[in-house]
Structures are given as C-alpha cells and as structure tokens.
Amino acid sequence: MTFEELKEKAKSGDVEAQIALGETYERSGNHAEALKWAQIAADNGDAVAAYNTAYFYANGVGTDKNLTKAAEYLNMSADAEYVPAMAQLGSFYMNGFGVPRDEQMALFWTRRAVKENDPMATHNLGIAYLEGVGMPQNREKAITLLRKALSLGHSESQKVLDKILTEEDNEWLSEQDSEQDSEQTEDDRDEETQSEAAQDVTEESENTSEPEKNEKQGFWAKLKRWFVGE
C-alpha cells in the first residue's frame, strides 16, 4: 500500500490505518501529524492510541504541553483496560497532574495496574505503604511490593530497598524466602506424585480410543507502541 493509499484509508475512518499513518509520521519526525492521527484513532476508541495521545500532551511532543488533555486521554485508555495507562493515571492523581490531587483515586488505579503486574504501579504502591499515603503505613507490605517491582524489572525499587532495609529486615526476608523455597519443594513433590499416579492409570487403561485433548490456547494481544519514552 502506498502512502497516499494509506492516507485515504485513514481519512475514510479505518482505525488501523489511522494508527499506521500516525506511526509513519512519527518515524519521519513529524510529531504534529503523528499526534493528529493518534488522537483521531483514540477518539475512535483505540486504547493504545489514547495512551500515545496522552504521552504527546504530557511531554509537549508535537504540541504544547497540556497535562489536562493528557489526563483526559489517560482516563480514556485506562477505562478501556490498558494497563500502562492505569499505572500512569494513578501517578497523575497522586501528583495532581492535570487532575485534582486525589490519593484514593491514585490508589484505585494503581491497585488495578498492580493486579496486572505492572512494574511501575507495583513500585508506587510499595512507596504508598512505606509512607502511609492514603492508608496506614505497613513496612512489610511495602518491602514485599518493592521486591516484587524489582523482580518485574523496576530498577528504582532497588535504590529504595538499599536505603530502608535494616539487618532485622534482611533476617525476616531470609526466613520468608526459606519458607517459600520449602513450600515450592513440597509442591514439586506433590506434582511428581500426581504425575506418577497419572502414568500408572494410563498404563493400566485400555488403548481403545484416542483421549480427547482440551488444551487451552493462549494468545498475545498486539499492542501498538510506536513512540519512545512510555
């Protein structure tokens, strides 16, 4: 498809074409046109395009910086279940970026993103527990969440842990890790026992027919992230 054909398709209302056209403009460095088509796709209901539009407005890329607009499109994206938008929206509410500062709304969106294992949201919730933001302080929960965020790839969590962990904390964590290792070993033994039992049943059964397979088929949702600096 030529560029002109793509443009005509985007103008006709095809959301995928609008996203592709925005991506093309972004790669060429035309941020204003990239924003234009991201915003059109967002207004047509695409959650990732709404997140991208929020990025442009939040960072003043291709337009003047406008945190109110950024928050508006983050809300749109988060309402459509896009996890990175939930995490960012939590941060917006916590800091009062483009919306009135609201700790409970910040925690609402942050917790939703944590349930989906978002690294930044997990880190932020750990900080909230550590500092008692919007809820009572809970040091153990804070440390647990920060360690989880670190395991998910959020490197800033290590800096916080280095500052707050005491010798007593490290002893508690060592005990916790040992308990988890012990539980894992028991689970492994149970799985081996179940596997052996299943094998015995299979060997004893008659091979009169092929057993029906009910394997769950997983799939990956293709998320269109076509800008740097999410």
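The values are calculated or read from the model by the stated rules, or taken from the named source; none is laboratory data. Given the structure is predicted, the values throughout are model-derived calculations rather than measurements. Counting neighbours? That spans all protein chains shown, and the Cβs are built from the backbone with ideal geometry, glycine included.
See the values below:
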read-out: Test: residue in segment 50-57 that is of a type in the set (Val, Ile, Thr), farther than 25 Å from residue 134 by Cα and either free of Cβ contacts under 8 Å to residues at least 40 places away in the same chain or surrounded by fewer than 18 Cβ atoms within 10 Å (Cβ to Cβ) (or both); value: yes
read-out: Residue check, residue 79 at pLDDT 95 or above and either crowded, with 20+ Cβ neighbours inside 10 Å or more than 30 Å from residue 127 (Cα to Cα) (or both); value: no
read-out: Failed criterion for residue 151 (all others in (1) more than 30 Å from residue 39 (Cβ to Cβ); (2) touching a Pro at 6+ places or on another chain (Cβ under 8 Å) hold); value: (2)
read-out: Those residues of segment 102-132 which are more than 15 Å from the chain's Cα centre (by Cα), surrounded by fewer than 24 Cβ atoms within 10 Å (Cβ to Cβ) and under 18 Å from residue 155 (Cβ atoms), in sequence order; value: 127, 130
read-out: Residue identified as in contact (Cβ under 8 Å) with a residue 12 or more places away in the chain, surrounded by 16 or more Cβ atoms within 10 Å (Cβ to Cβ) and either under 25 Å from the mean Cα position of the chain (by Cα) or in a helix (DSSP H, G or I) (or both) among 10, 32; value: 10
